[in-house]
Amino acid sequence: MPRNFTGLLAALGTVFGLCLTPLGLARAEALETPARQAVLIDLSTHTVLFEKAADERMTPSSMSKLMTVYLLFDKLAKGGVKMTDTFTVSEKAWRMTGSKMFVHVGDKVSVEDLLRGIIIQSGNDACVVVAEGMASTEDAFAAQMTARAKELGLKGSNFKDASGWPNPDHYMTARDLSVLAQRLIEDFPQYYPMFAELKFKYGNIEQGNRNPLLGAVPGADGLKTGHTEDGGYGLVGSAVRDGRRLILVVNGLTSMKERSQESSRIMEWGFREFQTYTMAKKGDTLAEAKVWQGDEEAVPLTVAEDARVTLRRVARAEMKVKVVYDGPVPAPIKAGDVIASLEITAPDMVTINLPLVAARDVERQGVVGRIFSSLRYLVSGDAS
């Protein structure tokens with residue numbers, strides 16, 4: 001009968017050098033922040049570098065405008081509207097207070113201008129124009145926002161308006177905002193550069209982008225700030241350097257200055273303290289697994305896709321790696337079958353298990369071969 005085997009990864013230093021460590025947080029000075037909610041993610045490996053109350057319901061303020069933008073981007077991408085199409089400004093939109101694009105009743109405003117009015121100027125009035133233009137009423141549009149949020153996997157979000165106007169039933173989580181930011185970046189690369197624009201002029205009124213990361217943090221290119229009395233000062237930010245993209249969400253800060261300082265500090269910390277490493281490339285042979293009743297005694301193990309991890313730079317010294325599988329693996333085996341995992345551990349870090357697949361086919365032995373294999377196992381315990 002097959003037995004359980006746990007094989008150490010052979011020639012670890014030769015295969016990976018000093019590049020292997022597990023996902024998670026290594027033993028080091030913990031990051032602290034006055035933000036009530038926060039999350040920092042390395043998008044290249046979907047690694048959470050830091051989080052604080054990331055799943056707590058919070059007032060997202062104008063950061064929830066990102067969902068309004070998402071729905072409009074999606075409509076554009078599917079051909080439902082064009083940048084040159086116009087929506088008409090209602091009295092309700094015109095009467096919106098707070099941050100404004102300064103549209104006027106009866107104006108016919110292009111989709112392109114409205115997008116910049118939301119993204120750059122954080123216009124509450126522009127959000128209402130978009131909501132009414134796409135769904136007749138803002139209430140109907142808010143229902144669409146909530147429905148789409150569920151489709152995107154935003155588990156802690158509910159929308160009651162298009163702008164983030166205070167409402168006790170309008171809420172999101174920091175983690176949901178990070179997922180939404182990721183989807184905006186990945187789903188709409190053709191439109192995403194709007195978030196990096198520094199200023200926009202409409203109706204002879206020029207306003208600057210409120211995002212404090214732009215121009216202050218190298219590689220910063222988005223996304224959105226927010227502020228209400230209940231929510232405090234918040235930001236959804238992103239920056240990319242050397243192929244690494246970080247997404248940051250902070251909320252509940254006490255001032256614009258604190259928001260600017262904290263968001264820059266945490267973003268720089270993420271780039272400085274962590275690094276993303278390629279552990280193995282597709283096709284690399286990492287180890288072998290014993291085979292039960294196959295025409296070969298072992299099958300080489302590899303990764304189906306390039307395997308990358310983001311890790312604390314100080315974690316490598318205490319990293320441990322082993323190959324784990326339930327074996328011998330019964331034949332037949334097809335190339336690409338997941339038959340093992342690469343287990344990576346270190347103190348105070350989350351264990352990561354990467355799937356390992358068969359690098360080639362292994363056919364089953366014929367009847368005679370299977371008989372001899374069974375007899376050998378009965379006599380010697382050798383299941384190969």
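Laboratory data are not the source of any read-out in this text; all were calculated from the coordinates shown. Quick caveat: nothing in here was measured; it's all calculated off a predicted structure. Reconstructed Cβ throughout: ideal geometry from the backbone, glycine too, with neighbour counts over all protein chains shown.
Numbers below:
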{"item": "Principal-axis tilt of helix 174-187 within the chain, Cα atoms, nearest 10 degrees", "result": "90 degrees"}
{"item": "Cα gyration tensor, the stretch 232-301 - rounded (a/c under 1.5), prolate or oblate", "result": "prolate"}
{"item": "Beta bridges by DSSP in the chain, antiparallel share as percent, to the nearest 5", "result": "95 percent"}
{"item": "Cβ-defined net charge surrounding Arg245, 15 Å radius [Lys, Arg +1; Asp, Glu -1]", "result": "-2"}
{"item": "Cα gyration tensor of the stretch 29-123 - equivalent ellipsoid semi-axes, whole Å, descending", "result": "34, 18, 10"}
{"item": "Computed over the stretch 37-253, the ratio Rg/Rh where both radii use C-alpha atoms and Rh is Kirkwood", "result": "0.94"}
{"item": "Nearest-ten-degree value, helix 65-77 long axis tilted from longest Cα axis of the chain", "result": "80 degrees"}
{"item": "Correct choice for Cα extents along the principal axes in Å that was computed from the model, options [x] 90, 45, 34; [y] 63, 49, 38; [z] 75, 69, 41", "result": "[x]"}
{"item": "Nearest 10 degrees, 0 to 90: helix 367-380 Cα axis against the chain principal axis", "result": "80 degrees"}
